[in-house]
1. Considering only residues of the stretch 381-411 that are small (Gly, Ala, Ser) and within 26 Å of the chain's Cα centre (by Cα), which is farthest from residue 272 (Cα to Cα)?
2. Mind checking whether some residue in the stretch 160-174 is surrounded by 21 or more Cβ atoms within 10 Å (Cβ to Cβ), under 22 Å from residue 422 (Cα atoms) and modelled with pLDDT under 95?
3. Restricting the first residue to the stretch 409-421 and requiring it to be within 12 Å of residue 384 (Cβ to Cβ), which pairs with a second residue that is of a type in the set (Val, Ile, Thr) and not in a loop (DSSP other than H, G, I, E, B) meet a Cβ separation below 6 Å and a spacing of at least six or different chains?
4. Can you tell me which condition residue 488 does not meet? The list is (1) outside the structural domain of residue 30 (by TED's automatic domain parsing); (2) at negative phi; (3) in contact (Cβ under 8 Å) with a residue 60 or more places away in the chain, and all the others hold.
5. What's the number of the only condition in (1) under 21 Å from residue 446 (Cα atoms); (2) touching a Ser or Thr at 6+ places or on another chain (Cβ under 6 Å); (3) not small (Gly, Ala, Ser) that residue 165 fails to meet?
6. Scanning the stretch 11-36 for residues that are of a type in the set (A, V, I, L, M, F, W, C) and touching an Asp or Glu at 6+ places or on another chain (Cβ under 9 Å), which turns out surrounded by the most Cβ atoms within 10 Å (Cβ to Cβ)?
7. For the stretch 460-470, which residues satisfy the criterion of being under 20 Å from residue 262 (Cα atoms) and not hydrophobic (A, V, I, L, M, F, W, C)?
8. When you check residue 108 against the structure, is it within 23 Å of residue 206 (Cβ to Cβ), in contact with a Pro (Cβ under 8 Å, 6 or more places away or on another chain) and in contact (Cβ under 8 Å) with a residue 40 or more places away in the chain, yes or no?
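The values are calculated or read from the model by the stated rules, or taken from the named source; none is laboratory data. On a predicted model such as this, the values are computed, not experimentally measured, just so you know. Every residue, glycine as well, gets a Cβ built from its backbone with ideal geometry; the counts of neighbours run over all protein chains shown.
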Amino acid sequence: MICVLQFDAASVAALERLLDRGRLPNLAGLIREGRRLELETPAVDFAAGAFYTLYSGVEIGDHGIFYPFQWSAGEQRARYATAFEAPPAVWERLAESGLRTLAIDPYESRPPARAEGVFVCGWGFADRVVLPRWSRPEGAGREYARRLGRGPGATEIFGRPRPRDLLALREKLVEAPARVAALAERLLARERFDLAWLTFSAAHLAGHQFWDLSQLDPAALGERERAMLEPALDDVYGAVDDAFGRVLAALPPGSDTIVTSAVGMDVNTSRADLLPAMLERVLAGGPIADGGAGAIWRLRAALPGSLRARVAAAIPDRLALELTSRLELRGIDWETSRAFAHPADNQGYVRLNLRGRERDGIVESAVADALCDEIAAGLATFADPDGSRAVDEVIRVADLYPGERADRLPDLVVRWAGRPATTLTSLSSPRFGEVRRHGSGSGRSGNHTPGDAWAVLAPGNSVIAPASRPPRLVDVAATVCELTGADRAGLPGEPLLRRRG
């Protein structure tokens, strides 16, 4: 059996600090017994796209899934990601060979088309966008909830949080890893599996919300609240490590183990909520009044997060996802817009409204390169209030991410300067004027780093395989197929472990 423990979106810096302090004894033990590797990852430019790369073992240019709400060129609108075809996840490959998987909380995934084993999502906690409640077999999640309790809802709401909201979230996230471990213990004792893939997503949301407390109004933060919230990220990481210990004790003897993270976490440097207005100025050629760009960020700023949370909770999940996808690009005039800022919350994404590719495209392919140059040069002129550059660089996606589904990806990625942006109020350009932030942006104090994917290999009945190149994120799925005997035809990854003999 092989067990993959996903320490979801873990900060490498925080892990090193806690390992040095002896706070993560179970992870430390696996590192001592095995080998720790850095992995090449598409999270350099597509943080959310790294998850499906991890699960499918397919490069991002060949699956094209890179954000929960992404552009559908044929419909001239954004859609929730499950509307797009995707290659099979690794557990679907195992199912084709009759192999059984236990998967709990696969982040930004989808129900498998073919399932052998037990799959439960939204268990440790539920987020209607990235961790919706579903299970295979149908109804299994409800059955386990009757016996072990139902996981709480913890859908992330963009905007400035209140201290009491973060205190409630801290409690949910500290308890979530134990919920995952408890269900895994129960099922591993009762059934046989070839793969156990357990995702500890509490670390991910904790990194966004508890990296620091810069997103809070200092006047609203009392000393008791500060004392509880400042160590919250460490507390969640410690709870994940405790859960690792429980799962490792429950695995069959000789099991192979991989601990992995597809993306990293650090201070929030994103200015993505400002990109729609920045791009609108650049395309207009000078300062203009704010138009329709960034309508969803305006809505988030106009309505308190607590109100939006209550309204969202009263709407069925499917309707809420459809409404969000409709709002993402609301207000754009497709008859005149040469390019648009694609939905994003970390890196910035720009897509051309290209004739022959977009349903209502107006930009001729002959001028596309020149337009990309114009946009990149214009965005580079924007600076933070202290005069420092806001944009590190703008890269052409086609140059770095080829593949069968590369047409789903944006044309440009805006890599932001690596300075904290949580309290940023505006950007300005000597040519295009000032762009002001509406509200407090995402309200996250932490966000994903460009890279920082890693794996810890702890062989049981396997051995570490020789490498012909630097290890990559796609190698995890290839390793699972290699050790279980599932078909890995068409996968670009190389196994990190191989069977003995």
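1. 403
2. Checked the stretch 160-174: at least one residue is surrounded by 21 or more Cβ atoms within 10 Å (Cβ to Cβ), under 22 Å from residue 422 (Cα atoms) and modelled with pLDDT under 95.
3. Partner pairs satisfying both residue conditions: 420/267.
4. Evaluating residue 488 over (1) outside the structural domain of residue 30 (by TED's automatic domain parsing); (2) at negative phi; (3) in contact (Cβ under 8 Å) with a residue 60 or more places away in the chain leaves (1) as the failure.
5. (2)
6. 24
7. Hits for the stretch 460-470 are 469, 470.
8. Yes, satisfied.
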